[in-house]
Amino acid sequence: MRFLNFSFSILFSSALLLASSVTAYTNPQSCTGTCTNAHDPSIIRRDSDGTYFRFSTGGNIAIHTAPAITGPWTYKGAMLPSCSKISLSGNCDLWAPSVHKVGSTYYVYYSVSTFGSQNSAIGLATSSTMDVGSWTDVGATGISSTSSKSYNAIDPALIQVGSSYYLNFGSFWGDLYQVQMSSDAKKGGGGSSYQIAYTSSGTHAIEGAYMINYSGYYYLFFSAGICCGYDSSRPASGAEYKIKVCRSTSATGGFVDKNGVSCTNGGGTVVLESHDKVYGPGGQSLYNDPTHGWIIVYHYVNTSIGYADGQKQFGWNQIKWSNGWPTV
Ligand SMILES: *[C@@H]1O[C@H](CO)[C@@H](O)[C@H](O)[C@H]1NC(C)=O
Ligand SMILES: *[C@@H]1O[C@H](CO)[C@@H](O)[C@H](O)[C@H]1NC(C)=O
């Protein structure tokens, strides 16, 4: 009896620990070198020599490299120093890059837009090495928007499903959309695009889709809330950026959150939000790292450093899977 009581109390306290860890987040893992200039980061490890490349918003897509995900990160230059050839306002201030390897070529999808405008387009640049100076601007993917569209064509990210490619994109308005790409993943918009996530509340503030295929499900990560300008206007507590996820057995629809709420009806389970000194984490992408397994990379405000967009820090964490759901 004594023994039973003893194990019961151990079980009981571990249950309490589990319950309290549900809302506890791990701090960003180690980063050395240039850990700022990191808005909307997307990373990949170059196969030939193991160098990590980080692409981020600003300076016509900033490229940083490091020998490991932990750093030290060094700024190398702009991906497209002569701007994008897409003829649209914003083509010298490119946003939200997303790097992928397609066959033996590295692809970076990028956004051309101006803040708050639906006059937007998704472009593509390619390289076989990713080094600064090696990028070819392919230009328009054919995915674009004006105020007549139900979406804003920014924040692209590719997913391969078997031998097919799909591009997820969108921000505010009708939120997240998807379109099948050509077999070389360079052009989209041949078929029509369709909505994959939407929240009717407030300003429909979801954007920054990133989808992965893991263990029989497609996980759709996105950023929800207000992204930027926290130094001039701080949103109400909880309205700042946070990272959410939905999943489906299909890559093309049927996404639900952990409670079964459809993600075209406001669903989304929080993966990471403000905690401790971390404020407004978002702009995330995921990477299946050869050393650390699935990791999430994102930008965040370190409240000890400052709230300006230029002060945003590069964060990354290993994903821990809990009953089929990603946690940080
Ligand atoms: C999903 O990922 C697994 C593991 O990387 C891969 O083997 C499989 O082909 C992927 N599924 C599809 C449909 O692409
Ligand atoms: C925030 O910045 C302070 C001061 O540089 C540093 O000690 C702390 O580790 C940082 N925290 C995070 C989560 O980046």
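Any residue at all in region 248-263 that's within 15 Å of ligand 2 (Cβ to nearest atom) and in contact with a Phe, Trp or Tyr (Cβ under 9 Å, 6 or more places away or on another chain)?
No: region 248-263 contains no residue that is within 15 Å of ligand 2 (Cβ to nearest atom) and in contact with a Phe, Trp or Tyr (Cβ under 9 Å, 6 or more places away or on another chain).
Considering only region 280-316, state which residues are surrounded by fewer than 24 Cβ atoms within 10 Å (Cβ to Cβ) and among the polar types (S, T, N, Q).
The answer is N288, T291, N302, T303, S304, Q311, Q313.
Considering only region 46-101, how many residues are among the hydroxyl-bearing types (S, T, Y) and within 16 Å of T136 (Cα to Cα)?
The qualifying residues number 3.
Please pick out the residue among P281, P290 that is within 16 Å of ligand 2 (Cβ to nearest atom), in contact with a strand residue (DSSP E or B) (Cβ under 8 Å, 6 or more places away or on another chain) and not aliphatic (A, V, I, L, M).
P281
One residue is enough: does region 70-92 have a residue meeting the conditions β-branched (V, I, T), more than 16 Å from ligand 2 (Cβ to nearest atom) and under 19 Å from P41 (Cα atoms)? Quick ask: steps written out before the conclusion?
Going through region 70-92, the residues β-branched (V, I, T) turn out to be 70, 74, 86.
Right, trim to more than 16 Å from ligand 2 (Cβ to nearest atom) and you get 74, 86.
Adding the requirement that they be under 19 Å from P41 (Cα atoms) leaves 74.
Yes.
How many residues are more than 12 Å from V297 (Cα to Cα) and of a type in the set (A, V, I, L, M) if we restrict to region 37-72?
5
Which one is farthest from G293 (Cα to Cα) among residues in region 83-102 that are touching a residue at least 24 places away in the same chain (Cβ under 8 Å) and out of contact with any strand residue (DSSP E or B) (no Cβ under 6 Å at 6 or more places or on another chain)?
In this case the residue turns out to be S89.
Do the conditions hold for S232, that is, is it among the small types (G, A, S), at pLDDT below 95 and surrounded by fewer than 20 Cβ atoms within 10 Å (Cβ to Cβ)?
The answer is no for S232.
Return the pair list, or none, for Cβ contacts closer than 9 Å from residues in region 308-328 that are on the phi > 0 side of the Ramachandran plot to residues that are buried (at least 20 other Cβ atoms within 10 Å of the Cβ) and part of a strand (DSSP E or B), at least 6 apart or on different chains.
These pairs meet every condition: G324/R247.
Can you tell me which condition T146 does not meet? The list is (1) out of contact with any Gly (no Cβ under 8 Å at 6 or more places or on another chain); (2) β-branched (V, I, T); (3) closer than 20 Å to S104 by Cβ; (4) away from ligand 1 (no atom under 16 Å from the Cβ), and all the others hold.
(3)
The values are calculated or read from the model by the stated rules, or taken from the named source; none is laboratory data. All values derive from a computational prediction rather than experimental measurement. Note that we place each Cβ from the backbone using ideal geometry, even for glycine, and neighbour counts take in every protein chain shown.
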